[in-house]
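Written below as structure tokens is the structure these notes are about.
The values are calculated or read from the model by the stated rules, or taken from the named source; none is laboratory data. The structure presented is a predicted model; accordingly, all values stated were derived computationally and were not measured. Here the Cβ positions follow ideal geometry from the backbone for every residue, glycine too, while neighbour counts run over all protein chains shown. Ligands, DNA and RNA are excluded from the accessible area calculation, which covers all protein heavy atoms including side chains. Shrake-Rupley method; radii C 1.70, N 1.55, O 1.52, S 1.80 Å.
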Amino acid sequence: MENKPDRSVWLEGPSAQCSPAPEERLRPWRLVLFGAPGVGKGTQAQLLQQRLGACHLSTGDVFRAAKGRNGCVQSAAMAAALESMRRGELVPDKTVWEMVRERKACLCCTGGFLLDGFPRTLAQAEKLSELLSEEHIPLDAVVNYELPLDAIVRRLSGRRTCAQCGAVFHISEQPPKTEGRCDLCNAPLLQRDDDRPDAIAVRMAAYGINTAPLIEYYRSMGLLLSVPAAGTPRQICDRTRGALDARTPRSAA
Ligand code: AMP
């Protein structure tokens, strides 16, 4: 079954509307996809979105969508956030949290969610836990994708992203049918500013300092599910699905 949830509210903010409305699910999956930049969380989120029906909520995608709306007036906080992003640095917690809190409806959605790139700091994780507990929304698991550093750097530096629809390719591991063009919409494929070598080094350092400590945070809550991220995207997705099925979804309890 092919499921394509709409991400309008997530990408554009609460004034937008998702169409069609998400269907009620018996077991909506609510997951955090976790791991270093370049480990493949975005690709897995796209595949899992099709299989589980839950919406792919990437904070990086919200910032990139805001960048694409350059014509609109941008708040000072958003302009500063985009500059941090270009350098590979983390956006301040306050800006990230305001943006996520504005989109609280996506976390409360009956279709579930796949959070990708959030939380990235302990402060963000604590805010998320507070919000979910206020709303009585259980988290099923935090899927921690694991890959050695050299493989991560290879993945990041070869990654190409569609300027129009955001589809992700890799110059050697998942090349597009026509070089430099998106298979889905034929728009040009670009290298993200933050996939360039200097920004990759900054992002890996930010991950080690700010984000990796969340592994223990979620392990102590009994939510951590580690999944090796070597292999093809489909193999990793099958592995993820197997690991999730081996664990009864908490929201079904
Ligand atoms: P991603 O697409 O998840 O790799 O995110 C791209 C960039 O957006 C990151 O390198 C950060 O600059 C920024 N960003 C995305 N999500 C967050 C977050 N949760 N906290 C801080 N910065 C973020």
Self-check item: Answer from 107, 114, 132 - the residue that is closer than 19 Å to residue 52 by Cβ and away from the ligand (no atom under 15 Å from the Cβ)
Solution: 132
Quiz prompt | Qualifying residue in region 204-212 (condition: closer than 19 Å to residue 35 by Cα, in a loop (DSSP other than H, G, I, E, B), more than 10 Å from the ligand (Cβ to nearest atom) and within 18 Å of the chain's Cα centre (by Cα)) | solution = yes
Quiz prompt | Failed condition for residue 107, given (1) within 22 Å of residue 37 (Cβ to Cβ); (2) touching a Lys or Arg at 6+ places or on another chain (Cβ under 9 Å); (3) open to solvent by less than 10 Å² (accessible area, probe 1.4 Å); (4) in a helix (DSSP H, G or I) | solution = (1)
Quiz item: What number goes with the only condition from (1) away from the ligand (no atom under 13 Å from the Cβ); (2) within 23 Å of residue 147 (Cα to Cα) that residue 53 does not pass?
Solution: (2)
Quiz item: Among (1) within 26 Å of residue 84 (Cβ to Cβ); (2) surrounded by 14 or more Cβ atoms within 10 Å (Cβ to Cβ); (3) touching a residue at least 40 places away in the same chain (Cβ under 8 Å), which single condition is residue 161 missing?
Solution: (3)
Quiz prompt | Failed item in (1) closer than 17 Å to residue 160 by Cα; (2) within 12 Å of the ligand (Cβ to nearest atom), with residue 32 passing the rest | solution = (1)
Quiz item: Does residue 45 qualify as being within 12 Å of the ligand (Cβ to nearest atom), free of Cβ contacts under 8 Å to residues at least 40 places away in the same chain and not in a loop (DSSP other than H, G, I, E, B)?
Solution: no
Quiz prompt | Which listed residue, of 139, 90, 184, is under 24 Å from residue 43 (Cβ atoms), assigned to a loop (DSSP other than H, G, I, E, B) and open to solvent by 60 Å² or more (accessible area, probe 1.4 Å) | solution = 184
Quiz item: Of the conditions (1) at pLDDT 90 or above; (2) within 11 Å of the ligand (Cβ to nearest atom); (3) not hydroxyl-bearing (Ser, Thr, Tyr), residue 64 fails just one. Which one is it?
Solution: (1)
Practice problem: Return the total of residues in region 163-179 being at pLDDT below 95, assigned to a loop (DSSP other than H, G, I, E, B) and in contact with a strand residue (DSSP E or B) (Cβ under 6 Å, 6 or more places away or on another chain). | Solution: 1
